[in-house]
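Written out below as structure tokens is the structure these notes cover.
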Amino acid sequence: MKIDYVIEVRLLSAMHINGGTDSAGKRIMLMTDGKAYIPATVIKGYMRENFSKLWEQVNDESGISCIGKENAEKPCECMTCQMFGKGGFQRSRIYFDNLETEQELEYVTRCNISVDRHLRKAVDGALVFSQAVERYEKSNAFGKKAVPVVFSGDISVYYPVNLDIQKQKKIEAVLVEAVRMISYIGLGKSRGWGFVEADIKPKEGEWLCEKL
């Protein structure tokens, strides 16, 4: 069974914009044609991590262990890999779009002093400049009320037809909570950047867990 949803991410603070990758090689946030967007792979990564933790709490899969990347050619039977796929030939059942915004955004450049984490002292002559997108849309008119920036994008979920409807609904409930658990995105959490409020809404389909 296929159900389409819309994911919305509302900024609660400024968000760091990174045109490359962080130390772990994970793409954080990109800019294209003057627009900022959150890549689908980032949202999928956060959702997969949250889903895995939640599913262990609500479902007994003691006899099933995730084989991860140990055997790329062998499909994994754990629910996380069944839904999100794994390296090799096991495809994902969830398809994500990039989260975009049509709002006019305000970009700012902020600077801070680089700190040596071992010496716990400022590094002499080492200013660090970072570009961020503000949490409110750019105001063009005097007196215009500030509106928080919201990124949104579609996801399509193909629930396993070999499972009964109650099991499918349990998967949906965990997916919904996996989205709502996302509280920050990107770099700069220690500086108060990247805090968000995420939600998921039905777009096309017959059920959402709150309506069961």
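The values are calculated or read from the model by the stated rules, or taken from the named source; none is laboratory data. Note that the structure is predicted; figures quoted are calculated from it, not measured. Cβ placement follows ideal geometry from the backbone for every residue including glycine, while neighbour counts extend to all protein chains displayed. Heavy atoms of the whole protein, side chains included, go into the accessibility calculation; ligands, DNA and RNA do not. Shrake-Rupley method; radii C 1.70, N 1.55, O 1.52, S 1.80 Å.
For the reader, a short list of remarks on this structure follows.
- Yes/no for LEU30 being surrounded by 15 or more Cβ atoms within 10 Å (Cβ to Cβ) and at pLDDT 80 or above: no
- Reported count of residues in the range 157-198, each being open to solvent by less than 50 Å² (accessible area, probe 1.4 Å) and either at pLDDT 90 or above or in a loop (DSSP other than H, G, I, E, B) (or both), is 21.
- CYS66 modelled with pLDDT under 90 and touching a helix residue (DSSP H, G or I) at 6+ places or on another chain (Cβ under 7 Å): yes
- If you check GLN82, GLN57 for being at pLDDT 80 or above, exposed (fewer than 12 other Cβ atoms within 10 Å of the Cβ) and in a helix (DSSP H, G or I), only one passes: GLN57.
- Check on VAL150, at pLDDT 85 or above and under 24 Å from VAL58 (Cβ atoms): no
- Restricting attention to the range 1-13 and to residues that are open to solvent by 10 Å² or more (accessible area, probe 1.4 Å) and of a type in the set (A, V, I, L, M), the residue that is farthest from GLN131 (Cα to Cα) turns out to be MET1.
- Subset of the range 148-206 [of a type in the set (Ser, Thr, Tyr) and farther than 30 Å from ILE113 by Cβ]: SER152, SER156, TYR158, TYR159
- Remark: LEU127 matches the filter, which requires a residue to be out of contact with any helix residue (DSSP H, G or I) (no Cβ under 9 Å at 6 or more places or on another chain) and open to solvent by 80 Å² or more (accessible area, probe 1.4 Å).
- Scanning the range 93-109 for residues that are surrounded by 12 or more Cβ atoms within 10 Å (Cβ to Cβ) and free of Cβ contacts under 8 Å to residues at least 40 places away in the same chain gives GLU104, GLU106.
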